[in-house]
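Notes for the one structure printed next.
The values are calculated or read from the model by the stated rules, or taken from the named source; none is laboratory data. Note that the structure is predicted; figures quoted are calculated from it, not measured. Cβ placement follows ideal geometry from the backbone for every residue including glycine, while neighbour counts extend to all protein chains displayed. Accessible surface is based on the protein model in full, side chains and every heavy atom, while ligands, DNA and RNA are left aside. Shrake-Rupley method; radii C 1.70, N 1.55, O 1.52, S 1.80 Å.
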There are 2 protein chains.
Amino acid sequence: MGESMGNLRRTNLCGELRVEDIGKEVVLMGWVQRERNLGSLIFIDLRDTTGISQIVFDDTISEDIFKKAEKVKSEYVLAIKGKVRKRQSINKDIPTGEIEVLVSELKILDEAQTPPIYIKDDDNVSENVRLKYRYLDLRKSFMQKNLKLRAKAAKIVRDFFDENGFIEVETPMLTKPTPEGARDYLVPSRVNPGEFYALPQSPQLMKQLLMVAGIDRYYQIVKCFRDEDLRANRQPEFTQIDVEMSFVDIEDIISINEKFIYKLFKELKNIEIELPIKRMSYKEAMNRFGVDKPDLRFGFELIDISEIVSNSEFKVFSSTIQSGGSVRGINIKGYGDQFTRKDISSLEDYAKTYGAKGLAWIKLTENGITSPVAKFLREEEFKAILDKMGAEENDLLLFVADKQSVVYDSLGNLRNEVAKRLGIIDNNQLSLVWITEFPLFEYDEDEKRYVAKHHPFTAPMEEDIDLLESSPEKVRAKAYDIVINGDEMGGGSIRINNSSLQSRMFKALGFTEEEANEKFGFLLEAFKYGTPPHGGIAYGLDRLIMTLTNSSNIRDVIAFPKTQSATCLLTDAPTNVSEGQLKEVHIKVDLEKNE
Amino acid sequence: MGESMGNLRRTNLCGELRVEDIGKEVVLMGWVQRERNLGSLIFIDLRDTTGISQIVFDDTISEDIFKKAEKVKSEYVLAIKGKVRKRQSINKDIPTGEIEVLVSELKILDEAQTPPIYIKDDDNVSENVRLKYRYLDLRKSFMQKNLKLRAKAAKIVRDFFDENGFIEVETPMLTKPTPEGARDYLVPSRVNPGEFYALPQSPQLMKQLLMVAGIDRYYQIVKCFRDEDLRANRQPEFTQIDVEMSFVDIEDIISINEKFIYKLFKELKNIEIELPIKRMSYKEAMNRFGVDKPDLRFGFELIDISEIVSNSEFKVFSSTIQSGGSVRGINIKGYGDQFTRKDISSLEDYAKTYGAKGLAWIKLTENGITSPVAKFLREEEFKAILDKMGAEENDLLLFVADKQSVVYDSLGNLRNEVAKRLGIIDNNQLSLVWITEFPLFEYDEDEKRYVAKHHPFTAPMEEDIDLLESSPEKVRAKAYDIVINGDEMGGGSIRINNSSLQSRMFKALGFTEEEANEKFGFLLEAFKYGTPPHGGIAYGLDRLIMTLTNSSNIRDVIAFPKTQSATCLLTDAPTNVSEGQLKEVHIKVDLEKNE
């Protein structure tokens, strides 16, 4: 089984033959997409990465070859020589549909068992089967397109940053475990018994060191690792477009990155993004959309009705406000008739997953107003609410009363969920926005201290520096995220390059000088020898490619992804290893009974 | 300390100003390379990644600024505004040597302590200090040049393969531990207790799966990992240019790669490599040079004198031959007078490190012949040896008698060492050669079985397939290495795409079907569904960059390298981690007392 190519060499790819090629002698190689045996004629659709050509065997060839062709099945690998000719029944669905190749020579380069996956985009097989037979799944046209677009995107990234004086520098994969941030993947050292490397969560410190080193402009497309519980569309290893620049402030970074984003969409999708890209402060984003990555392709903005109901007899509302929370609502304008009580109840369940204790609602129909909370509210309160919400017939109003973070989180996500359920999001529309003026700190309830929202080297906005000690929660950071269609595609900040400011920052984080040195000693040491003002950004490449390919599944843009339990169904990684292998790196497995 | 840039924005880089810019107002930012205070005049050399500009402070500026300038020391970070003017004493050593900038505005962006490293190429500091303060070391002009050339090389690689229809595909970093080959770096899994990932030694299996997936042409610049004892110029993580193609045989791969190598040298060094590149079989390389990566820039080829001395009374020679070994020599032609007895004795010590038991020698001077072995040899034997070796006055002949592998290894390396000691290797000369027809197997003395020299999926040469069972040691592989100046820069092979041949290969390696499945199950499974003929190559990028920059130290072409004990002196990785972190990934440290 399996002939060699012999002297045959491909002259053409299966997807490129056209009427202009009629009369040419060609050699094609590829996989059998399908074959039809009509007795005296055999038609085969031969597929390679560029497309499909129809090849024909008729009685002009030797019986031997014809007999060989009769044995051919789906996914056999063939090499054929033949003459391009006009096709009798034209297939307008494929670019090669006007021609076919009359075969004069056939080699079966490899046979194939019946594959467990049909090689077509809508095979409807379970994702686990797709992942186990990934090499077959990747034969599908849409997966090949996704991988090619990803490669093209990477090329555009590199071309752009290269043209703009950025130097691609490789940073190490075997790095020092990080004291702050997400959980590290650890790598035991053989040469240094009892010690461990960590895989990088990002090259953050290394790229800042490159700025100290005078590299001026750095970029890299780089694998990063976070050992976190995997939500949908997260992978333990992911790819980052990592950028850092010296002698810049926010505007310089935003401006060059807008040119980059423009180029990316122009060259990949022929979409001309309007520059400058819209900006919105973190505060505005939270107030209007409840999230710091708002999808601006639809309305349903959050409206604060706290003032109206602050003294309401409806205690669910008023007591929430009195204890520092708020009551806000969204108006699902013009879609009231799309939601039954059952639907609304399902929305309430959804809101509860974000911590809301319940969902108050008012529905305005042609037959009047229904609302389970109406009876608790005074008439003028109710009227004021309708007024504030801009309520009209066929609107559905949804309210959450809770502490601020829960109100934002539940209504912000509910807003997205409702739009998704209504199917009103136009996937061809693009909404881009920079979110700026993030808080520098957030309060960690577990650790009972402020932690850096971005990372401890993010610079505060100059006008807020005086608040560092007195009101750290009010200090805004020189940080920015780029949000596309409600997803954070990238983010970054200007870094602190001033050691006294850095000390104040550490103090605000509750670190003693000693602790700061222990955690970040080598960076602080580096900062003593002349550090330029610098800042940068990092994009999630996987997410960008999802947006660019309209994929909803991150695994559709990665060749060999992992499942949500961080396994590879194709290779069966991770696996057990021998005692000997563990001994060599000075560790043992430690399985606790109660796990 | 540390002013902000305020409204100042760089207009120019320090290395780019020329006489054409005279009269222009410019803003420069950079580090103080040196400052000279002449009382009423202060000169500062301001450095950024592009070069140096001289900036001048005189009495035309305010006293405040002048006083500020007086405080400036080496490696301070400055932003200055000023006017370009002609320089009085021209400095022909730097491209900006005809101009200077008269400063009107100065901001000290950051101060600097006295750095532990002078920022100049020949600072003569120990490598450990260089690595600890890498961010200062990287400020040196030659290190910046090396990193820039590396980035440019990566760009050329990507442009070339991209233009030729290759698709860049990212393969996983968290992979399955490999049963064959070098030692893996292991990564314990948190989600799958007791199980481990391995960092990839190379994406070999993944790229073959991409060929099964119909990707057709793949490339990637990718980090690979081998936990081996580090010899000089080895790093635990290294970067590979990884390439694989479908529907090809050796000639197709060599031909496209020659075009790639041509482009690389042309664009980076303006050197036009002669195509096609020379080829040499493994056998010829071993016979003539003793190594499979011969440096062709000098002579001193190996000459076999076994036939002459096979029956010699000098038992050291004859008994070696009778027990299957050989006696070979090299003629250090024309350099006899360069070697004293002490030098030769040192060469003998060198040969012994490669297993030779001794080094026989004959030196021909104008005063006659000296040789410690002459007395053991019959006159006609001695004469025949001189004759065979082409010996003339001022030659030094060096011989090793041993089993084949030791003769090759010791003489082959000795040949290189002698040329190095003589300083006769022209670093501007390039010698490229493909080594082909490698043996498919080598015998593993420890495991007492044949192991794959390349890897178990390498195809045998068609004319040798019949020898697989009868004389596996004679089977040559469809494998090839590209050797530049005596270093292997890359290598690859055509892979087996025929399952019956693959079974015979496994049998030859001593694997039962079960073992083969256990080790390579998923690849063998993949091969059942239609595998195209395919093959590829991988280049060591670090080594290529060493060659392209004439570096002798691999750490000079890597931004943040590790020491020979696999540590990072900058960050102190690897380090201890907390018990808690280890518990989370279900391992404990296991330090044996007797280690």
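Once you reduce region B:249-268 and region B:373-448 to the center of their Cα atoms, the two points are 31 Å from each other.
Rg/Rh, computed from the Cα trace of region B:148-209 with Rh as the Kirkwood radius, has the value 1.12. Each part gets one Cα centre, and for region B:160-231 versus region B:313-371 those centres are 45 Å apart. The mean count of C-beta atoms from other chains within 10 Å of the C-beta of residues in A:561-568, rounded to a whole number, is 4. Loop-located trypsin sites (Lys or Arg not before Pro) in region A:514-595 (DSSP state not H, G, I, E or B) with no more than 16 neighbouring Cβ atoms inside 10 Å: A:528, A:593. Taking the Kirkwood radius as the inverse of the mean 1/r across Cα pairs, report the Rg/Rh of region A:545-586. That ratio is 1.25, to two decimals. Residue A:450 sits among other residues whose Cβ lies under 10 Å from its own Cβ, and their net charge, with Lys and Arg +1 and Asp and Glu -1, is -1. When the residues A:453, B:283 are ordered by accessible surface, computed with a 1.4 Å probe over the protein chains alone, the sequence from largest down reads B:283, A:453. When the Cα convex hull of chain A is projected onto planes of every orientation, the mean area is 37.3 nm². Counting Lys and Arg as +1 and Asp and Glu as -1 over every other residue whose Cβ lies under 13 Å from the Cβ of residue A:502, the net charge comes to +2.
A 1.4 Å probe, protein heavy atoms only, puts the accessible area of residue A:568 near 10 Å². Computing Rg and the Kirkwood Rh from the Cα coordinates of region A:302-359 gives a ratio, Rg/Rh, of 1.02. For residue A:334, the residues whose modelled amide H falls within less than 5 Å of its own, excluding neighbours fewer than 5 places apart on the same chain, are A:395, A:396. Once the 1.4 Å probe is applied to the protein heavy atoms, region B:441-487 comes out at 47 Å² accessible per residue.
Over region A:19-110, the hull volume per residue, using the convex hull of the C-alpha atoms, is 91 Å³.
Restricted to Cα atoms, region B:298-425 shows a radius of gyration and a Dmax of 13.4, 39 angstrom.
Label positions at residue A:340 and residue B:578, each projected 7 Å from the Cα along the C-beta direction, are separated by 5.2 nm. Computed from phi, the 3J(HN,Hα) profile of region A:13-29 under the Karplus parametrisation 6.51, -1.76, 1.60 (θ = phi - 60°) reads 9, 5, x, 10, 6, 9, 4, 4, 8, 4, x, 6, 8, 10, 10, 10, 9 Hz, with x in place of Gly and Pro.
Rounded to whole numbers, the Karplus 3J(HN,Hα) couplings from phi for region B:475-486 are 6, 9, 9, 7, 10, 8, 10, 9, 10, 10, 6, x Hz, using 6.51 cos²θ - 1.76 cosθ + 1.60 with θ = phi - 60°, and x at Gly and Pro.
Compared with the rule-of-thumb size 2.2 N^0.38 Å for a compact globular protein, region B:92-167 has a Cα radius of gyration ratio of 1.64. Per residue of peptide B:528-541, the mean number of Cβ atoms on other chains within 10 Å of the residue Cβ is 5.
Going 7 Å from the Cα of residue A:563 along its beta-carbon direction, which residues of region B:188-202 have the amide nitrogen within less than 20 Å of the resulting point? Residues passing the 20 Å test: B:188-198.
Charged side chains reduced to their Cβ positions (Lys and Arg at +1, Asp and Glu at -1) give region B:440-510 a dipole of some 320 debye around its Cα centre. For residue A:327, nonlocal amide neighbours, meaning residues 5 or more places apart or on other chains whose placed amide H falls under 5 Å from its own, are A:305, A:306. Among the chymotrypsin sites (Phe, Trp or Tyr not before Pro) in region B:425-494, none is located in a DSSP loop while being surrounded by at most 14 other Cβ atoms within 10 Å of its own Cβ. The modelled label-to-label distance between residue A:164 and residue A:404, using points 7 Å beyond Cα along the C-beta direction, is 3.4 nm. Once both labels are positioned 7 Å from their Cα atoms along Cα-to-Cβ, the gap between residue A:465 and residue B:474 label points is 8.2 nm. Could you work out how far the C-alpha centroid of region B:1-76 sits from that of region B:87-146, in angstrom? Between the Cα centres of region B:1-76 and region B:87-146 lies a distance of 13 Å.
For region B:19-110, the dipole from Cβ point charges (+1 on Lys and Arg, -1 on Asp and Glu) about the Cα centre works out to 80 debye, to the nearest 20. Counting only protein heavy atoms and a probe of 1.4 Å, the accessible surface of the protein assembly as shown is 46% carbon and sulfur.
Could you report the buried accessible area between B and A, both sides summed, computed with a 1.4 Å probe and given in Å² to the nearest 100? Chain pair B/A: roughly 11100 Å² of buried accessible area. Each Lys or Arg adds one and each Asp or Glu subtracts one; over the other residues with Cβ under 13 Å from the Cβ of residue A:404, this totals -2. The loop-placed chymotrypsin sites (Phe, Trp or Tyr not before Pro) in region A:87-170, going by DSSP, that have at most 16 neighbouring Cβ atoms within 10 Å of their Cβ come out as A:118. Counting only DSSP H runs of at least 4 residues, each contributing -39500 (n - 2.57), and dividing by the residue count of chain B, the helix-based mean residue ellipticity at 222 nm comes to -8500 deg cm²/dmol. Per residue of peptide A:129-141, the mean number of Cβ atoms on other chains within 10 Å of the residue Cβ is 4.
Summing Cβ point charges (Lys, Arg +1; Asp, Glu -1) relative to the Cα centre of chain A gives a dipole of roughly 1480 debye.
Calculated translational diffusion coefficient of the protein assembly as shown (10 °C, 1.306 mPa s; Stokes-Einstein with Kirkwood radius over alpha-carbon pairs) equals 46 µm²/s.
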